[in-house]
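The values are calculated or read from the model by the stated rules, or taken from the named source; none is laboratory data. Keep in mind the model is a prediction, meaning the values are calculated, not measured. Because the Cβ atoms are built from the backbone with ideal geometry, glycine has one as well, and the counts that use them run over all protein chains shown.
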Ligand SMILES: *Cc1c(COP(=O)(O)O)cnc(C)c1O
């Protein structure tokens, strides 16, 4: 068979290991498995959203409202933008795919930080585009500018807060980069964890409205993290209408399901649930910081719902990952990102207790 030659260079995205796999492979009861690997909301889903899913089950035979009028209205009011500034995707992942297909081609290139969200590279490679990375995982102005001037990439990805490292870029620095780039380059500001950063420190809070003055900038948000709807696959892009209209040309009809749409509309309005999620998170992440300090290893200060532990040569992230997995604790090993590090989603109090118990034993 003759596949597109761009596929030769693409590695399949490796998602966090599912609970079912640990149950199958290690014979651990599902209730004893603790998954802290995919940055899902540990307290679940907004009760209003869960209710909407059940209430809409009887409409499963109907296609959803393809205009997504109500969801766009809810987002427009939350962010003080117009509905024609918004495109909805099956996760913000799908919006990333629309952007990539709308902008990239075999002579194009993209620029991103050294360690960042893996899908940027995969979507760019699907289009045959070249990938350039800065030297640091942090988004440093000078590094981005040097690479920008050298390569004139079609897309720059600014992931803030950054996944899988957890650090964030200040609004001032993001605007500095955006202001220095001309309109031939699309700047994607991926705010998948923005709710956590905004709650922690205002300097890192970026809203879609802060960026709406730039014709070449798009802000991405998702319902998968703070809003607790990872399983429903809903995300959004917000930008000037001309840019959004081009992305619409890439969108298949009915790209999110009737149940996903109903859930996202309710989740969008349930600010209490988000506040509760963040409050628990802020309390629990302190335990992870204290644990690292007590054990004497480093971590990256986190602006997200996960924390990244950094190990020296006395500890190997792959060995630790394997040992934890056998005990039913799923975390994310960052060896494939070239880091001797692991990323742990902050769980509920009980999940974190289980993690610390096993992790202490594994490293002892
Ligand atoms: C989780 C995540 C997304 C998108 O998630 P979806 O579930 O597709 O909305 C996008 N960017 C980053 C950095 C993420 O961590």
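A few points about this structure:
- Qualifying positions in region 138-154 - surrounded by 18 or more Cβ atoms within 10 Å (Cβ to Cβ) and touching a residue at least 40 places away in the same chain (Cβ under 8 Å): 153, 154
- Note on region 67-103: residues that are without any contact (Cβ under 8 Å) to a residue 40 or more places away in the chain and surrounded by 19 or more Cβ atoms within 10 Å (Cβ to Cβ) total 1.
- Which numbered condition residue 227 fails, given (1) touching a residue at least 40 places away in the same chain (Cβ under 8 Å); (2) assigned to a helix (DSSP H, G or I): (2)
- Test: residue in region 196-203 that is free of Cβ contacts under 8 Å to residues at least 12 places away in the same chain and either within 16 Å of the ligand (Cβ to nearest atom) or buried (at least 17 other Cβ atoms within 10 Å of the Cβ) (or both): yes
Matching residues to (1) under 17 Å from residue 17 (Cα atoms); (2) at pLDDT 95 or above:
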{"residue": "284", "(1), (2)": "no, yes"}
{"residue": "292", "(1), (2)": "no, yes"}
{"residue": "312", "(1), (2)": "no, no"}
{"residue": "332", "(1), (2)": "yes, yes"}
{"residue": "348", "(1), (2)": "no, yes"}
{"residue": "355", "(1), (2)": "yes, yes"}
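- Residue selected from region 19-41 under the condition within 15 Å of the ligand (Cβ to nearest atom) and in a loop (DSSP other than H, G, I, E, B), by the criterion nearest to residue 351 (Cα to Cα): 36
- Criterion (touching a residue at least 12 places away in the same chain (Cβ under 8 Å), under 30 Å from residue 56 (Cα atoms) and in contact with a strand residue (DSSP E or B) (Cβ under 8 Å, 6 or more places away or on another chain)) met by exactly one of 251, 343: 251
- Positions within region 158-176 being surrounded by fewer than 21 Cβ atoms within 10 Å (Cβ to Cβ) and either assigned to a helix (DSSP H, G or I) or touching a strand residue (DSSP E or B) at 6+ places or on another chain (Cβ under 6 Å) (or both), in sequence order: 171, 172, 173, 175, 176
- Here residue 149 passes the criteria (1) more than 14 Å from the ligand (Cβ to nearest atom); (2) in a loop (DSSP other than H, G, I, E, B) except the one numbered (2).
- Qualifying residue in region 254-264 (condition: farther than 21 Å from residue 52 by Cα, more than 16 Å from the ligand (Cβ to nearest atom) and touching a residue at least 12 places away in the same chain (Cβ under 8 Å)): no
- Where a residue in region 31-54 is under 19 Å from residue 359 (Cα atoms) and its partner, wherever it lies, is at pLDDT below 95 and surrounded by fewer than 16 Cβ atoms within 10 Å (Cβ to Cβ), with Cβ under 8 Å and at least six apart: 35/18; 38/15
- Residue among 88, 131 that is closer than 22 Å to residue 65 by Cα and assigned to a strand (DSSP E or B): 88
- The single residue among 265, 285 that is within 30 Å of residue 202 (Cα to Cα) and not assigned by TED's automatic domain parsing to the domain that holds residue 119 turns out to be 285.
- Of the residues making up region 161-180, those that are in contact with a helix residue (DSSP H, G or I) (Cβ under 7 Å, 6 or more places away or on another chain) and either within 12 Å of the ligand (Cβ to nearest atom) or not assigned by TED's automatic domain parsing to the domain that holds residue 136 (or both) are 161, 164, 168.
- Evaluated against (1) within 15 Å of the ligand (Cβ to nearest atom); (2) in the same structural domain as residue 181 (by TED's automatic domain parsing); (3) in contact with a strand residue (DSSP E or B) (Cβ under 7 Å, 6 or more places away or on another chain), residue 217 falls short on exactly one condition, (1).
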